[in-house]
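Working notes, beginning with the structure itself.
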Amino acid sequence: MATREITQTRLFEKLTGDEDSRMCKDIPEEACDVQPENFLRHLCASLGTKLADELSSARLVLPWLLGSIGAPLWMVGLLVPIREAGALLPQLFVAGYLRQQPVRKWVWVLGGTVQALAAGCLAILAWLGKGSVGGALVLAALVLLSLARGLSSIATKDVMGKTIAKQRRGTLMGWSGSIASGVTLAAGGVLMLFDDQPGQLALAILLGIAALGWALNAAFAASIKEQPGATQGGANAWDSIKQGVFLLRRDRDFLHFNLSRALLLSSALALPYIALLGERQSGDDLGGLGILIVISGLAGLIANPIWGKRSDVSSRRVMRDAGLGAAICCGLAASLPWLPGAWSETVWPFAIVYGLLVIAHAGVRLGRKTYVVDMADSENRALYVALSNTLTGVLMLLLGALLGGLAQMMGTSWLLLVLAGFALAAAASAQRLPEVEH
């Protein structure tokens, strides 16, 4: 047992780049004692959920699922809004309940278990589903999956805040992002083996593996050693809304952060449009889509550990730099259709710019996640995370509908220029945020 603890400590110090695993900030002494093993358990839990996220992607796997079972085309347009907003909108209502629990990891376990069950239902539908009824059941399972994802998301961050010290969290999320990128590489390689779109059996296998990934996530979440925390301040949904409104009015820094985060949505919203430009060059050939996925995986694999370490130094500067990078990528992508035919008629220029935007988006995600966890304390962290995510969910729905209309009227290239302007504004806003790491 002692040898195992020494090995875990050494691995923890190697992953974090620290020479003393006993250096802890803002977590209790008992949590500091078991931080190395908790760090590795967080990482293994992340492996499960990242694997599952990639293999049940609403931008990649689920559209093919609806197509393979003959679902109506309009259902495809509901996948991404349900996946993203469904995970974010309920979190403010969950925060009060979570606050009442002295040990919060069981909420995380519940979320992971429900996601595993929902993914299992999707796997069955991929094998047996047909037509409109099958498509409707897929959307219903996705709603359940997204709501459970929101439950896990807020609990994960709160448990991380209780078990992993400040200036180690960004590193943890950076390594988690690298794991996700490695999984993306594997998924892209598999997809490149298919000549057309994968059949129903292949999709059922992918979604079955996703279900196992969430089961793995729940199992490692249950194994985390979490000390009971304070339960004062728990509230019902209505009280949480009132607390959230009061918080936005009282804490100007938190309001400023949410403005920056809203503008940084431009990086996420631009990704599918760049992929769409690339897909127009490769048609229905999955080889082109596989190229996009592999380059995306490589980009994330390289970028996430770097952004993670930088976030522990200054998550504000990471958000600023990532916003600038996203603006440049959007501008480059908007110009690609005007390249000479020999260049613009292949998927490669679009794939390269897509990969660069993935790098910038990784910085956006790691920067804003680290910032909101570090700016809060143990008394209000769950509320800060939940309120910020709920606001983002509302904006995702509104901006998604607005940008869809703009794309229809203006075209994809002009829309990307609009998103480049949003990203520049995000960088300027993030530059004026206060530092929270020190």
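The values are calculated or read from the model by the stated rules, or taken from the named source; none is laboratory data. What you are looking at is a predicted structure, and each value in this text was computed from that prediction instead of being measured. Ideal geometry is used to build each Cβ from the backbone, glycine not excepted, and the neighbour counts take in all protein chains shown. Note: accessible area is taken over every heavy atom of the protein model, side chains too, but ligands, DNA and RNA are not part of it. Shrake-Rupley method; radii C 1.70, N 1.55, O 1.52, S 1.80 Å.
Brief remarks follow.
- Annotation: of all residues in segment 363-406 being more than 19 Å from the chain's Cα centre (by Cα) and polar (S, T, N, Q), the one that is modelled with the lowest pLDDT is SER378.
- Here ALA326 passes the criteria (1) small (Gly, Ala, Ser); (2) at pLDDT below 90; (3) touching a Ser or Thr at 6+ places or on another chain (Cβ under 7 Å) except the one numbered (2).
- Cβ pairs under 7 Å, 6+ apart, first in segment 213-236 and under 22 Å from LYS50 (Cβ atoms) and modelled with pLDDT of 85 or more, second hydroxyl-bearing (Ser, Thr, Tyr) and surrounded by fewer than 20 Cβ atoms within 10 Å (Cβ to Cβ): ALA218/THR113
- CYS44 open to solvent by 30 Å² or more (accessible area, probe 1.4 Å) and modelled with pLDDT of 70 or more: yes
Residues are listed down the side, and each one gets a yes or a no for (1) open to solvent by 40 Å² or more (accessible area, probe 1.4 Å); (2) in contact with a Lys or Arg (Cβ under 8 Å, 6 or more places away or on another chain); (3) modelled with pLDDT of 75 or more:
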{"residue": "LYS242", "(1), (2), (3)": "yes, no, no"}
{"residue": "ASP253", "(1), (2), (3)": "yes, no, yes"}
{"residue": "ALA262", "(1), (2), (3)": "no, no, yes"}
{"residue": "LEU276", "(1), (2), (3)": "yes, no, no"}
{"residue": "LEU301", "(1), (2), (3)": "yes, no, yes"}
{"residue": "GLY308", "(1), (2), (3)": "no, no, yes"}
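- Filter result (aliphatic (A, V, I, L, M) and either crowded, with 16+ Cβ neighbours inside 10 Å or not in a helix (DSSP H, G or I) (or both)) within segment 322-351: ALA322, LEU324, ALA326, ALA327, ILE328, LEU332, ALA333, ALA334, LEU336, LEU339, VAL347, ALA351
- Flag if VAL364 is part of a helix (DSSP H, G or I) and either within 29 Å of MET160 (Cα to Cα) or in contact with a Cys (Cβ under 8 Å, 6 or more places away or on another chain) (or both): yes
- Candidates are the residues of segment 407-438 that are at pLDDT below 85, open to solvent by 40 Å² or more (accessible area, probe 1.4 Å) and assigned to a helix (DSSP H, G or I); the one that is farthest from GLY278 (Cα to Cα) is MET409.
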